[in-house]
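The values are calculated or read from the model by the stated rules, or taken from the named source; none is laboratory data. Quick caveat: nothing in here was measured; it's all calculated off a predicted structure. SASA here: full protein model, heavy atoms, side chains in, ligands and nucleic acids out. Shrake-Rupley method; radii C 1.70, N 1.55, O 1.52, S 1.80 Å.
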Amino acid sequence: MKHPLSTIALCLAGLLGLTNSASAQPAYPVRPVTLTVPVPPGGILDAVARMVIPSMAQTLGQPVVIENKAGAGGNIAATAVARSAPDGYNLLVGYSMFHVGNPSMYANLSWDPLRDFAPVGMLVVSPHVLAVHPSVPAKTLRELVDYARANPGKLNYATSGNGSVPHIGVELFKQQNKLFITHIPYRGAGPAMLDVVAGNVQMTVATPPSLKGFVQSGKLRALAVAAPKRLPQMPDVPTAAEAGFPGFELEAWVALFAPMGTPPAVINKLTDAVKVAMQSPQVRASADSAGVEIRYMTPTQLDSVVRQDIDYWSKVIKTANIRAD
């Protein structure tokens with residue numbers, strides 16, 4: 001029969017062994033971290049991911065690399081990250097329209113924004129501007145609404161594609177103001193913008209970098225910014241609220257997400273790295289040149305935005321009966 005002291009000693013030894021084993025686990029991260037981008041190289045989503053990786057890599061002490069997994073409206077990338085190990089080494093660069101819009105636009109989606117992803121942090125937002133061709137007899141947003149009501153079906157609007165942020169945004173504006181304006185979807189923002197500038201389509205909603213040059217040259221007329229405040233790039237353009245339409249706001253966002261189940265300590269390290277990156281002068285300069293606004297958010301804040309946007313956009317999408325191409 002073992003002496004009670006011997007039994008206690010064995011238990012203590014076992015506990016010490018467990019403690020030593022736990023302390024021997026390597027601290028995260030010990031290898032490169034991958035940011036999975038749901039679009040091809042180029043474009044604003046890819047550019048935002050690339051502008052934060054130098055700072056994140058320095059903070060984490062490991063390389064941060066980009067992997068572009070384009071296709072199926074962001075679903076290929078989202079599915080891949082959702083099914084990856086929840087260890088902090090594979091993150092999704094989430095785009096608002098994919099992350100909160102796809103669940104309402106795709107049947108039988110293989111991933112869920114709330115069930116499969118843990119928020120890491122918001123990176124940037126991209127405000128949108130409503131603009132018309134000069135042939136449209138409206139110099140204010142109020143005049144545009146009055147003209148559209150007096151001429152139902154006469155106005156068309158161009159977007160970068162079915163289910164895009166501009167598409168959802170104009171459908172929201174139509175629903176809010178009971179307007180009949182026809183959607184003309186294009187395969188990309190470039191062709192859409194060219195047809196508006198040519199006068200083949202009367203109006204569009206797009207980001208400031210896409211519009212600024214055409215507005216300055218008089219080829220397009222910017223009527224309102226669908227954002228809470230005026231834009232430094234276009235200071236003379238009023239917000240929709242200033243123009244008398246406070247319910248019309250349209251901002252796309254880019255954020256980082258990890259697979260659900262990623263340990264809180266790992267999420268915290270990633271969140272800290274994102275916060276440092278967003279405060280970097282280099283990142284701020286890159287954001288300004290890209291026409292996006294840095295708006296860092298914690299995981300809790302980002303989770304709140306995701307839940308609010310899912311509820312908000314699902315109503316717009318279902319009312320307009322929007323389906324992905």
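The residues of the chain expose on average 46 square angstrom of accessible surface per residue, using a 1.4 Å probe on protein heavy atoms.
The range 205-277 and the range 62-76 have their alpha-carbon centroids 22 Å apart. Take every Cα pair under 8 Å whose residues are at least 6 apart in sequence, average their separation, divide by the length of the range 69-223, and the relative contact order is 26 percent.
Partner lysines whose Cα lies under 28 Å from the Cα of residue 269, excluding those fewer than 8 positions away in the same chain, are identified as 69.
Carbon-plus-sulfur accessible fraction, the range 118-215 (probe radius 1.4 Å, protein heavy atoms only): 56%.
In the range 87-226, the DSSP beta bridges split such that about 55 percent are antiparallel, to the nearest 5.
Relative to the longest principal axis of the Cα atoms of the chain, the long axis of helix 264-278 makes an angle of roughly 40 degrees. Working note: 222 nm ellipticity from helices only, DSSP H runs with n ≥ 4, each -39,500 (n - 2.57), summed and divided by the residues of the chain, gives -13500 deg cm²/dmol to the nearest 500.
For the chain, the longest principal axis of the alpha carbon atoms and the long axis of helix 299-320 meet at an angle near 40°. In the distance distribution for the chain, Cα-Cα pairs more than 25 Å apart total 54 percent.
Taking every DSSP bridge with both residues inside the chain, close to 60 percent are antiparallel. Under 23 Å between alpha carbons, and skipping anything fewer than 8 positions from residue 139 in its own chain: which lysines qualify? Partners found: 154, 174, 178, 212, 219, 229.
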